[in-house]
């Protein structure tokens, strides 16, 4: 009888310990989503007060495979830029790519006084969208230009189908209360010359130039805000057949 009680007590203790260990592991574990949110929080709050002149070139292709985004950043570090978080413009946030090669993403840094700079691009698959963590080696300490480009296939499907679409851009303010953006330009390139485009920013931010014909026949619209500071932009893009 005593042996039976001892055996039952042993089984109970093993069960209790195992259950406690399992609960502790669950409480101590860190999900991928938690890590991504922590990185985003740290990078945003500890962003150095550097200055950035940003020029984005968005190509609206004739087909979904021709859609392309290029971004050029002229940065003046104060005093250094170690890393950046970027969020590519994607057609459907619930269909985010699993790999950077799926959107043909690439990034480079121009030659500067810091010498040759390499960029490590790390995709971070947030539950709702894709972010890319860029790490510069060596650290950027001198004025330079870095750029990246990718193909968000199907980004402008709605415009091609319905002749109307929109684009939203949030300039998130760091903890110091000053956006690094000091000048912001977007050049919209419409590859199909048979449709005349229109671009307006619904809040009245910035100015629009064009549409004008390029030397190769595309329509080009340039929008610019020379004093961006933590704004939320929303553009309406339209087109009409000629």
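In region 133-155 there is at least one residue matching the filter, namely being farther than 18 Å from residue 189 by Cα, in contact with a helix residue (DSSP H, G or I) (Cβ under 9 Å, 6 or more places away or on another chain), outside any loop (DSSP other than H, G, I, E, B) and in contact (Cβ under 8 Å) with a residue 24 or more places away in the chain.
Is it fair to say residue 125 is more than 30 Å from residue 197 (Cβ to Cβ) and surrounded by 14 or more Cβ atoms within 10 Å (Cβ to Cβ)? Here the answer is yes, as residue 125 does meet what is asked. Do the conditions hold for residue 165, that is, is it in contact (Cβ under 8 Å) with a residue 24 or more places away in the chain, surrounded by fewer than 18 Cβ atoms within 10 Å (Cβ to Cβ) and either on the phi < 0 side of the Ramachandran plot or not in a loop (DSSP other than H, G, I, E, B) (or both)? For residue 165, the condition - in contact (Cβ under 8 Å) with a residue 24 or more places away in the chain, surrounded by fewer than 18 Cβ atoms within 10 Å (Cβ to Cβ) and either on the phi < 0 side of the Ramachandran plot or not in a loop (DSSP other than H, G, I, E, B) (or both) - is not met. Scanning region 109-130 for residues being touching a helix residue (DSSP H, G or I) at 6+ places or on another chain (Cβ under 7 Å) and either part of a helix (DSSP H, G or I) or at pLDDT below 90 (or both) gives a total of 6. Restrict the check to region 170-182 and report whether at least one residue is modelled with pLDDT of 95 or more, in a strand (DSSP E or B) and crowded, with 16+ Cβ neighbours inside 10 Å. No - not one qualifying residue is present in region 170-182.
The values are calculated or read from the model by the stated rules, or taken from the named source; none is laboratory data. What you are looking at is a predicted structure, and each value in this text was computed from that prediction instead of being measured. So basically every Cβ, Gly included, is an ideal-geometry build from the backbone, and we count neighbours across all protein chains shown.
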